[in-house]
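Data block below; observations after.
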Amino acid sequence: MPDALASQMPPVQYVDTNGIRMAYYEAGPRGGIPIVFCHGFPELAFSWRFQIAALAAAGRWVIAPDQRGYGLTSRPVAVESYDLEHLTGDLVGLLDHLKVEKAIFAGHDWGGFVVWQMPLRHPDRVAGVIGLNTPFTPRAPADPIAIMRARLGDEMYIVHFQKPGEADAVLDADVSKSMNFFLRRPIPGQLPSGGFATERKPGDPSAFALINILKAYDPAFDPRGKFLTDDEFAVFVDTFTRTGFTGGINWYRNFTRNWERSADLEDKVKVPSLMIMAENDAVLPPSAADGMEAYIPDLEKTLIRDSGHWTQQEQPEAVNAAIIDWLDRRFPK
C-alpha cells in the first residue's frame, strides 16, 4: 500500500453489492445523513481524501467508494455492466449495507453524472446532491455519441473511447505518463473554454483529441504545475498499473445505452442541490452549468477560483468550505 494512501485515508472496508465487491472508506460519526463522495475518471476514492478529513472533523459522516471498475472494487468484464443502472444500483446497495435510508451524494467528473442520476432513478434514497464541475444536463435529443461525433469529431476522446481496446492500450502502455498528462493544473493564463459546447469549423481537427495528444506527450516538457506530492501521485500510478483503465473507460462506452434506457425518466432534480464550478476547467467550464435552474428548483451555485478540472484536490480548502457551509445551512446536524 502506498504510504500516502495508508496515511491519508481511513481503513478500507468492503461490501458485496449489486453483484460486485465494492471497497469503501468511512469516517466521521455515524448518525444523521451521510455524504457519499463519488469520484470520476481516472480517479479513486483517494481523490476525496481532503474532503473526508475535513467533513469528518466537522462532525459529518462521510463515505467514499472506489466505484465499479476502479481501485479495490470489482471490474466486471461485460461493458454493459458499467451503465448508469448498475452504477447507481451499486450506491443503493452501499446504503442498504450501512442501513442508511437517505444520503447526500457528491460527485466529480463522471461521479457527477452518477450523482445527478440518483434522484431521478432512486428518489427515495437521496436527500441532496452536490455536483463538482459536472453539471446536471437533461436527456439529449438524440444519441449523445452521434451528437459529439458530429460536433467535436471522431477523435474526440469520448467518441474515440467507443472503439474497443484502442484507448485502453495507449493509456495502459505507460501509466506514469498517462497520469502525468491527466493530473496537472491548467496552463497559466489559459483562455476560457467552451467545453462540450465547442463548435468546430469545417475542416478543423477533432476537439479534445485526448489519445492523439497523449501519444505525443512528454512529461519532461509539460509547463503545467503539479498539485500532487510524489507519494500521492504514486497512489494513482500504482493503482492503475494494477487495474488498467478499461473499467473506467467502460463507463463512457455506455453513453448510447444510458440514453436509450432513460427515455422514461423525468428531467427534474427535486432535492436541495449545490453546483460547485471551477473557474479554469477546460472540459467542464462554469458556462456548462448555465440553465440548470430550469431542472433543479432548489439549486445553489458557487465558483472556485484558480482551479482546473481536479478541483477537490487543486483547491481543497475552498471546496471544503463551500460544502460545509451548504451542509450547515441546508442539513444542520
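No value in this document is a laboratory result; all are computed from the given coordinates. As the structure is a computational prediction, the values presented were derived from the model and not from experiment. Glycine also receives a Cβ, built like all others from the backbone with ideal geometry; neighbour counts cover every protein chain displayed.
For the chain, give me the percentage of DSSP beta bridges that are antiparallel, rounded to the nearest 5 percent.
Roughly 30 percent of the beta bridges in the chain run antiparallel, per DSSP.
Quick one: among 319, 12, 237, which has the greatest mean-square fluctuation in a GNM of the chain with alpha-carbon springs under 10 angstrom?
Highest fluctuation among the options: 12.
Most exposed first by the Cβ proxy, i.e. fewest other Cβ within 10 Å, how do 115, 159 rank?
Lowest to highest Cβ neighbour count: 159, 115.
State the label only: which of (i) 28; (ii) 23; (iii) 34 corresponds to percent of Cα pairs over 32 Å apart computed from the shown model?
Evaluating percent of Cα pairs over 32 Å apart on these atoms matches (ii).
Taking a cut-off of 13 Å between Cα atoms, list the aspartates and glutamates near residue 226, but don't count ones fewer than 8 places away on the same chain.
314
Would you compute, from DSSP H runs of 4+ residues alone, the mean residue ellipticity of the chain at 222 nm, taking -39500 (n - 2.57) per run and dividing by the full residue count, rounded to the nearest 500?
Estimated from H runs of four or more residues: -10500 deg cm²/dmol.
How large is the charge dipole for the chain, taken about the Cα centre, if only the Cβ atoms of Lys, Arg (+1) and Asp, Glu (-1) carry charge, to the nearest 20 debye?
Result for the chain is approximately 360 debye, rounded to the nearest 20.
Can you list the HN-Hα couplings for the stretch 198-214, worked out from phi with the Karplus curve (6.51, -1.76, 1.60; θ = phi - 60°), rounded to whole Hz and with x for Gly and Pro?
4, 10, 6, 7, x, x, 5, x, 4, 7, 6, 7, 3, 5, 4, 5, 5
If you find the alpha carbon centre of the stretch 151-229 and of the stretch 284-333, how far apart are they in angstrom?
For the stretch 151-229 versus the stretch 284-333, the Cα centre distance is 25 Å.
Expressed as a whole percent, how much of the Cα-Cα distance distribution for the stretch 122-164 exceeds 17 Å?
55
Order these by the 10 Å Cβ neighbour count, fewest first: 70, 252, 14.
The fewest-first ordering by Cβ neighbours comes to 14, 252, 70.
Given 209, 144, 249, which one lies farthest toward the positive end of the charge dipole of the chain, if we put +1 on the Cβ of every Lys and Arg and -1 on the Cβ of every Asp and Glu?
144
Considering the zone a paramagnetic label at residue 201 would reach in this model (a point 7 Å from Cα along the Cα-to-Cβ line), which residues of the stretch 148-171 have amide N under 20 Å from it?
150-156
Once you put a point 7 Å from the Cα of residue 166 and another 7 Å from the Cα of residue 7, both along the Cβ direction, what distance in nm separates them?
Rounded to a tenth, the inter-label distance reads 4.2 nm.
Radius of gyration and Dmax for the stretch 30-146's Cα atoms, expressed in Å?
14.1, 46
Using a Gaussian network model on the chain with a 10 Å cutoff between Cα atoms, which of 142, 27, 45 fluctuates the most?
Answer for the Gaussian network model of the chain: 142.
Which order results if 310, 110 are arranged by neighbouring Cβ count within 10 Å, fewest first?
Ascending number of Cβ neighbours within 10 Å: 110, 310.
Do me a favour and compute the ellipsoid semi-axes for the stretch 128-227 from its Cα gyration tensor, root of five times each eigenvalue, largest one first, whole Å.
24, 19, 16
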